[in-house]
Every structure is written in C-alpha cells, then in structure tokens.
C-alpha cells in the first residue's frame with residue numbers, strides 16, 4: 001500500500017499534537033531498491049527550552065542538539081550509552097527546540113508463515129526468518145532497536161523528511177480512534193525532577 005508523504009505543515013503544529021498524530025503514520029526507509037516500513041505506535045514529546053528533560057533546556061545550543069532548532073520535519077538523531085541511536089523528529093517553528101522521540105514501531109511485512117497475519121506490503125526483504133508476531137514486534141519495540149532495524153546512523157542528522165529520498169513518513173489513510181491513544185510518563189528521565197518526569201507526554205496505541 002502506498003501512502004501520501006507528510007508535508008511540512010504536519011510537523012509545524014504544536015508538539016503534543018504532533019506526538020499524538022504521528023501514531024498510526026508510517027516510516028518508510030529506502031535502501032537501494034528495497035524499503036523497510038514500520039507503523040509508529042509509541043512517541044514521546046520534548047518541549048524545550050522550559051522542559052528540563054529536553055536537550056535544549058534553557059535554550060542551550062550545542063553541536064549535538066543544533067538540529068533540534070530546525071523547523072518541524074527534520075531528523076534529530078543522537079547516540080546514547082555510546083551505542084544506541086535515538087530517532088527524533090523536530091516540530092514547531094525554526095529556533096523553537098521541540099521534538100518527538102519515536103519510541104516504537106510495528107514492522108509492516110508479508111509472511112505466509114505467520115498464522116492470521118495481515119500483510120500490508122509484498123516486500124519480503126523486511127523480516128526474514130521470523131515466524132511469530134511477537135518476534136517481529138521485538139525487533140522495533142524500543143528507540144534503539146528501531147534505529148538498528150531501519151539502519152539509521154549519524155548520517156541522517158538534520159535530514160529533511162519532507163524532501164529526503166531515503167527516509168520519509170507517510171499517511172496511509174488509517175484512522176486512529178482517539179480513545180485508543182494512551183498516555184503516560186516519559187521513560188528514563190528521572191534526572192529532570194518529579195514535575196517533568198511525571199508529565200504524561202508519552203503516547204502509545
């Protein structure tokens with residue numbers, strides 16, 4: 001199924017709105033003549049410079065976070081623990097350091113080996129040698145895992161999702177019932193203090 005690429009005006013809306021609207025959208029990663037596709041099922045919002053959990057807290061600009069200040073629709077990717085890439089998408093206007101972390105995907109595959117699995121693409125390249133839905137989900141149920149699966153690295157820093165030929169987001173017409181969107185505290189940000197760490201800015205299906 002082919003979708004419509006998300007345009008700039010999707011990303012320049014308020015960050016909390018974008019974080020929810022991203023649920024049910026699809027990341028498409030083109031590698032040569034093949035594609036990896038995954039449905040976004042979990043996100044986290046970061047709203048600097050007031051958010052103590054944001055890399056841009058107090059408006060600081062560094063070599064690491066300068067992409068966070070780009071207009072909505074750019075990639076802000078960084079390394080944690082020296083080994084795990086984290087995919088963020090900038091939101092709002094230029095020089096407003098806000099972004100959404102993509103926490104989990106649901107890979108889109110075709111497999112005759114998985115009982116009752118509804119395939120959405122004929123691309124068998126994506127998930128070879130996996131027999132259960134659980135095995136497939138485990139590939140991308142964390143921010144580091146999904147970056148590994150999508151083969152993302154520092155070369156994607158500041159990539160424009162509205163123009164890129166190797167990665168973009170699509171709307172495939174899937175309607176998400178607002179009641180199916182759950183929220184909770186963001187993960188791994190205890191350093192930001194109880195006020196910020198308890199804000200329910202993580203959204204998931």
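Just so you know, all these numbers are worked out from the coordinates, no wet-lab data involved. In this text, all values refer to a predicted model and were calculated from it rather than measured experimentally. Cβ sites come from the backbone with ideal geometry, for glycine too, and all protein chains shown count toward neighbours.
For the chain, the Kirkwood hydrodynamic radius comes to 17.3 Å, computed from all pairs of different C-alpha atoms.
Both the radius of gyration and Dmax for region 1-89 are 14.4, 43 Å, in that order, over alpha-carbon atoms. Calculate the length of the line joining the C-alpha centroid of region 149-177 to that of region 54-100, in whole Å. So the two Cα centres are separated by 15 Å. Ranking of 180, 92, 54 by neighbouring Cβ atoms within 10 Å, starting from the fewest: 180, 92, 54.
Footprinting exposure proxy ranking of 151, 96, fewest other C-beta atoms within 10 angstrom first, gives 151, 96.
Spacing of the modelled spin labels on residue 94 and residue 174, each 7 Å from Cα toward Cβ, amounts to 3.3 nm.
Return, ordered by residue number, the residues of region 52-86 whose backbone nitrogen is under 15 Å from a label point located 7 Å along Cα→Cβ of residue 13. It comes to 72-73, nothing else. Full extension of the segment from residue 63 to residue 154, taken as 0.36 nm per residue of separation minus the current Cα-Cα distance, would add 31.5 nm. For residue 190 and residue 78, a Förster radius of 22 Å and the Cβ-Cβ distance give a FRET efficiency of 0.70, rounded to the nearest 0.05. The gain in end-to-end length when the residue 204 to residue 4 segment is fully stretched comes to 69.8 nm, 0.36 nm per residue minus the alpha carbon separation. As a proxy for reagent exposure, 162, 90 were ordered by neighbouring Cβ count within 10 angstrom, fewest first; the result is 162, 90.
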